[in-house]
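Engineer: Before anything else, here's the structure in question.
The values are calculated or read from the model by the stated rules, or taken from the named source; none is laboratory data. On a predicted model such as this, the values are computed, not experimentally measured, just so you know. Glycine also receives a Cβ, built like all others from the backbone with ideal geometry; neighbour counts cover every protein chain displayed. Please note that ligands, DNA and RNA were not included when accessible areas were found on the heavy atoms of the full protein model with its side chains. Shrake-Rupley method; radii C 1.70, N 1.55, O 1.52, S 1.80 Å.
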Protein chains: 2
Amino acid sequence: MHNPQTVIIPARHGKALRLKAGQAVKLVNIHGTQVVDCWAWNAHDLSEHMSMEASRVWNQRLNPIVGDSFVTNQRNPILTVVEDTSPGVHDTFMAACDCQRYVRLGVKDYHRNCLDNMGEALRELGLDAPQPILASFNIFMNIAVEADGKTLSTRPTVTRPGDYIVLKAEMDCVVAFSACPQDIVPIQGVGDNTPKDAAFVILDDGFPNLAPSATWVPDTAGRNI
Amino acid sequence: MHNPQTVIIPARHGKALRLKAGQAVKLVNIHGTQVVDCWAWNAHDLSEHMSMEASRVWNQRLNPIVGDSFVTNQRNPILTVVEDTSPGVHDTFMAACDCQRYVRLGVKDYHRNCLDNMGEALRELGLDAPQPILASFNIFMNIAVEADGKTLSTRPTVTRPGDYIVLKAEMDCVVAFSACPQDIVPIQGVGDNTPKDAAFVILDDGFPNLAPSATWVPDTAGRNI
């Protein structure tokens, strides 16, 4: 194993990386309060990207647990959650913040945002995303579904300092992270809602080598009736 | 009011239509068992389209109720749910079916699917969608969130024959519907899971003229803490 290097994702900024199939990225919530948005693309075809809606169908879960794979818009596994020391509270169904979101929140000037961070991070690798993707994997983000099954409750993170999640690459891929700049809607952990640094490490080994999850298929056509 | 004309959406096929701002479309579940996927685009700029993930943030709801607006990837209201005689069970978070989904379900030959139906429906209007959109509004689709807030349960529709939903246009837009061809996963209502016809009517008036919903903004930064 090479000596893994910790890379800081500065507060309110993005950072992208390349993974070979079989490698993994360990994302660390240094301060325990930071939401980190995540996207992934097939390294050989950026039009194939991680899809939250296809992943929910694949796993029959709203938000992932250890062992679940994210799949792409071509329904191919791209990242598998192989380890998670946090309480396991993440979000797949809320849009990443963008310029228009902050305008709607009453912000007059430019506000840093996850969608622009995604673009900046890719450009640092010399890449252009073929399209903006609002459907991000919002790691450590705490959106509760109320008992009616419809109403959402946007809450601060429940993560602890140093908690981490490990995502294994199922194909050669590019991953982008954004240390979410949201400081108006209180999502960044109990306290002053100030965005903080996060960090990642690329791993060649030393993580649970779970197989990608198989897609959900009904046992029989009548199973759920 | 012009005499509204009923248009059949044939089972397993798609159909698109144009709405002027202020018009509405009434989608009728003729047999009460059919799931209908729905997409919408700004008629003057097809790169602006209805976004499920942005709409969930806007309304702070996983699935919409009467009075909720869907917004676009530019965070502009595009369709508002102004009437719904069904039990109100719809889905915004499962991917539309596509070729790859049926391959993963074990289908060997071509299977009609909602994503291709979307493209076919637009082409009938002389339009090309700038990109495939898996994140459709799945009208009448019954996906329950279990008590753990994560596990999903894919179930048959609970709609009754003749139930309808009315969507008011908040901008000039193009709407596409697909009478979902899914006949493997049991979503099409209790019975033989056979896809059936649905229908729509374009309305100039005669529906509740609800205003678009305002976006959710936290009362105070500390409200949810």
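Engineer: Counting only heavy atoms of protein chains, what accessible area per residue, in Å², does chain B have with a probe of 1.4 Å? Intermediate values should be presented prior to the final figure.
Structural biologist: Values: 8320 Å² over 225 residues.
Averaged over the residues of chain B, the accessible area is 37 Å².
Engineer: Mind grabbing the accessible area of B:W216 for me, 1.4 Å probe, Å², rounded to tens?
Structural biologist: About 50 Å², rounded to the nearest 10.
Engineer: Would you jot down the residues in region A:120-154 that end up with at least 10 Å² less accessible area in the complete protein assembly than in the chain alone, with a 1.4 Å probe?
Structural biologist: At a threshold of 10 Å² (probe 1.4 Å), the residues of region A:120-154 that become less exposed are A:Q131, A:L134, A:A135, A:V145, A:G149, A:K150, A:T151, A:L152, A:T154.
Engineer: Also: What is the percent carbon and sulfur in the accessible area of region B:58-123, measuring with a 1.4 Å probe over the protein chains and ignoring ligands? Working shown, then result.
Structural biologist: Working: 1040 of 2100 Å².
C and S fraction of accessible area: 49 percent.
Engineer: In Å, what Rg and Dmax follow from the Cα atoms of region B:159-225?
Structural biologist: For region B:159-225, the Cα radius of gyration and maximum Cα-Cα distance read 18.5, 51 Å.
Engineer: On a C-alpha basis, how far is the centre of region B:7-85 from the centre of region B:151-204 in Å? Whole number, if you could?
Structural biologist: Computed from Cα coordinates, the inter-centre distance equals 11 Å.
Engineer: How much space per residue, in cubic angstrom, does the convex hull of the C-alpha atoms of region B:1-69 take up? Numbers along the way, then the final one.
Structural biologist: Values: hull volume 10.0 nm³, N = 69.
So the per-residue hull volume is 144 Å³.
Engineer: On to the next question. Computed on protein heavy atoms with a 1.4 Å probe, what is the summed buried accessible area for the chain pair B and A, in Å² to the nearest 100?
Structural biologist: Working: alone 10590 and 10590 Å², together 16630 Å².
Chains B and A together bury approximately 4500 Å².
Engineer: To continue, here is another question. Compute the distance in nm between two label points, each set 7 Å from the Cα along the Cα-to-Cβ direction, one at B:E124 and one at A:A214.
Structural biologist: Spacing of the two 7 Å Cα→Cβ label points: 3.9 nm.
Engineer: If you put +1 on each Lys and Arg Cβ and -1 on each Asp and Glu Cβ, how big is the dipole of chain A around its Cα centre, in Debye rounded to 20? Walk me through the intermediate numbers first.
Structural biologist: Numbers: 19 positive and 25 negative charges, 54 e Å.
Dipole of chain A, to the nearest 20 debye: 260 debye.
Engineer: What full-extension length gain, to one decimal in nm, is calculated for B:R160 and B:V190 as 0.36 nm per residue of separation minus the Cα-Cα distance? Before the final figure, lay out each step's value.
Structural biologist: Working: separation 30, 0.36 × 30 = 10.80 nm, distance 1.10 nm.
Gain on extension, B:R160 to B:V190, equals 9.7 nm.
Engineer: Shifting gears a bit: Only helical DSSP H runs with n ≥ 4 go in: add -39500 (n - 2.57) per run for chain A, normalise by residue count and round the 222 nm mean residue ellipticity to 500 deg cm²/dmol. Write down the numbers at each step before the final one.
Structural biologist: On the way: 3 runs with 25 residues, N = 225.
The helix contribution divided over chain A gives -3000 deg cm²/dmol.
Engineer: Could you work out the percent of alpha carbon pairs in region A:100-211 separated by over 19 Å, rounded to a whole number? Mind showing how you got there, number by number?
Structural biologist: Details: 3690 of 6216 pairs.
Pairs farther apart than 19 Å: 59 percent.
Engineer: Lysines near A:K20 by alpha-carbon distance under 24 Å, same-chain residues fewer than 8 away left out - which ones?
Structural biologist: In chain and number order, the partners are A:K168.
Engineer: Along the Cα-to-Cβ line of B:D148, 7 Å from the Cα, sits a label point; which residues in region A:123-151 have backbone N less than 16 Å from it?
Structural biologist: A:145
Engineer: Hey, rough spin-label estimate for B:D204 and B:K20, points 7 angstrom out along Cα→Cβ, what's it come to in nanometres?
Structural biologist: 0.8
Engineer: Something else about it: Choose one answer from B:T194, B:T215, B:T151: the residue with the largest mean-square fluctuation in a GNM of chain B with alpha-carbon springs under 10 Å.
Structural biologist: Comparing B:T194, B:T215, B:T151 in the GNM, the peak value goes to B:T151.
Engineer: Continuing with the same structure: Suppose R0 equals 35 Å; then what is the FRET efficiency for B:H44 and A:L105 from their Cβ-Cβ distance, rounded to the nearest 0.05? List each step's numbers first, then the result.
Structural biologist: Numbers: r = 26 Å, r/R0 = 0.74.
That gives a FRET efficiency of 0.85.
Engineer: Follow-up question, since we're still on this one. Give me the aspartates and glutamates in straight-line cross-link reach of B:K150: C-alpha distance below 20 Å, same-chain residues under 8 apart excluded.
Structural biologist: A:D37, A:E53, A:D68, A:E83, A:D84, A:D91, A:E146, A:D148, B:E53, B:D91
Engineer: Round to a whole number: what % of the accessible area of region A:146-194 belongs to carbon and sulfur, probe 1.4 Å?
Structural biologist: Working: 790 of 1550 Å².
Its accessible area is 51 percent carbon and sulfur atoms.
Engineer: Here's another thing I want to ask about it. Let me know the mean shielding of A:37-50 by other chains, meaning the per-residue number of their Cβ atoms within 10 Å of its Cβ.
Structural biologist: 0
Engineer: Counting only Cα, what are the radius of gyration and maximum Cα-Cα distance Dmax of region A:38-91, in Å?
Structural biologist: Spelled out, the Cα radius of gyration and Dmax of region A:38-91 are 11.1, 34 Å.
Engineer: Semi-axes of the equivalent ellipsoid for the protein assembly as shown, please: Cα gyration tensor eigenvalues, times 5, square-rooted, ordered largest first, whole Å.
Structural biologist: 36, 25, 20
Engineer: Continuing with the same structure: Calculate, in whole percent, how much of the Cα-Cα pair population of region A:1-149 lies beyond 18 Å. Don't jump to the answer; show the numbers that get you there.
Structural biologist: Working: 6753 of 11026 pairs.
Distances greater than 18 Å cover 61 percent of the Cα pairs.
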